[in-house]
Amino acid sequence: MKWRGVVAVLLLAASMPLAVAQSDLKRPSSTDQYIPRLGDIMSAALSQHQKLWLAGKAQNWQLAAYELGQLESSLAEAAMQYSGIPVSNVTTLKDPLQSVSDAIAAKDGRKFAKALGDLTEGCNSCHSSMNRSFIAIRVPTGREPFANQMFPPQRKP
């Protein structure tokens, strides 16, 4: 897997300010280029998360590695484009992403399931820290669309 690119993005993201007001989650203004909305990036990430799970469950490790790369790219893009996402939220996903990558490389379904569960918890922790705990994901429960998102209101911890 191309971890050099991920590390470069994480280092670049680490140079962003740590404490940013919630209002900074607004879409950046740019007249030169198209900037996708944060919701669009996160919708892509949700789909990639589910496809990653399905590929790993089917032991299609090549597809799982591809989907992991896509997910990492989406998360890095969100962090790069939206300064309101704290760097700590991005860097705390580094270890779970690496664990998923390691499980894929080892072609170990059991480690993959645990690592994806840890990654999912990391995503939900990020959502909570951004006052978006109403966006809760889970390890997919099936193949239907959005099987990895929880729609009932979540209890506050």
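Taken together, the values in this text are just the output of simple stated rules run on the coordinates, not laboratory data. None of these values were measured; they are calculated from a predicted model. As a convention, Cβ positions derive from the backbone with ideal geometry for all residues, glycine included, and neighbour counts pool all protein chains shown.
Starting from the 7 Å offset along Cα-to-Cβ, what nm value, one decimal, do you get for the label separation of Arg132 and Thr91?
2.1 nm
Could you please rank Leu71, Leu63, placing first whichever residue has the fewest other Cβ atoms within 10 Å of its Cβ?
Final ranking by Cβ density, sparse to dense: Leu63, Leu71.
How large is the Rg to Rh ratio of the range 37-147 when both quantities use alpha carbon positions and Rh follows Kirkwood?
My calculation puts Rg/Rh at 0.94.
Quick one: what do you get for the range 34-91 if you divide its Cα Rg by 2.2 N^0.38 Å?
1.21
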